[in-house]
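Written out below as C-alpha cells is the structure these notes cover.
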Amino acid sequence: MRDVLEARNAALCWADVLSRPVTPLWRTAGWGYVRFHTGRARPWPRYGRRALVSWVRRIAETWPDDRDAYAYFNNDPGGAAVLDAMVFARVAAAAGLTVTRTPVRLPSLSPPPPTPVTATATDAAARRGAGEAGRPQSP
C-alpha cells in the first residue's frame, strides 16, 4: 500500500484515537493529512495540550514548513473540535510552523443587533389610527 500511495503522491491519512496514532506514520506524499478523532482529556472528547504538542512535533519532523499538512478534528456536540483546533494552531505557531485557516478566538454567541426599521409618513399615520394588534382605537 505504501508504494502505491508514494507512486501517486497520495498522503496516507495519519489518524489519532484517544491521543495515540492508530495508523502507520508514513510520509507518502509531499503533503500531509492528520485526522483527530477523540482525545483523552476532559471534558470528553477534548485533546490535552501534551498530545497536541506531540502531534505538532511529528508533523514538523516529517514535512518542512513550506509543505502543506492538513489537520482535521472530528465534530462533536460540544464544539471540542473548534477549541482543540485553536489550541493546536497556537502550539504549531509557537513551534515556528505556518498556520492558516484557524480562528484566533471563538465568534461571539450573542444574537445580532436588531435591524433598524424605517417608517414612512404613511406608516406613522396608519399607526396613529390603530391600537394594539391593528384594531381601531375607541374614542
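The values are calculated or read from the model by the stated rules, or taken from the named source; none is laboratory data. No experiment lies behind these values; they were computed from the predicted model shown. FYI the Cβ positions are ideal-geometry reconstructions off the backbone, even for glycines, and counts take in every protein chain you see.
Residues that are touching a Ser or Thr at 6+ places or on another chain (Cβ under 8 Å) and either of a type in the set (S, T, N, Q) or in a strand (DSSP E or B) (or both) within the stretch 20-40 comprise just one, 32.
Applying the selection to the stretch 65-100, what residues are touching a strand residue (DSSP E or B) at 6+ places or on another chain (Cβ under 9 Å), among the charged types (D, E, K, R) and over 23 Å from residue 18 (Cβ atoms)? 67, 68, listed by residue number. Residue 7 passes every criterion in (1) surrounded by 11 or more Cβ atoms within 10 Å (Cβ to Cβ); (2) at pLDDT 95 or above; (3) among the aliphatic types (A, V, I, L, M) apart from (1).
This table checks each residue for (1) at pLDDT 85 or above; (2) surrounded by 13 or more Cβ atoms within 10 Å (Cβ to Cβ); (3) over 27 Å from residue 6 (Cβ atoms).
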residue	(1), (2), (3)
27	yes, yes, no
35	yes, yes, no
39	yes, yes, yes
47	yes, yes, yes
50	yes, no, yes
64	yes, no, no
85	yes, yes, yes
112	no, no, yes
125	no, no, yes
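Condition check: polar (S, T, N, Q) and touching a His at 6+ places or on another chain (Cβ under 9 Å). Does residue 9 satisfy that? No; evaluated as a whole, the condition is false for this residue.
Can we say residue 98 is among the polar types (S, T, N, Q), under 16 Å from residue 11 (Cα atoms) and free of Cβ contacts under 8 Å to residues at least 40 places away in the same chain? Taking the combined requirement at face value, the residue does not satisfy it.
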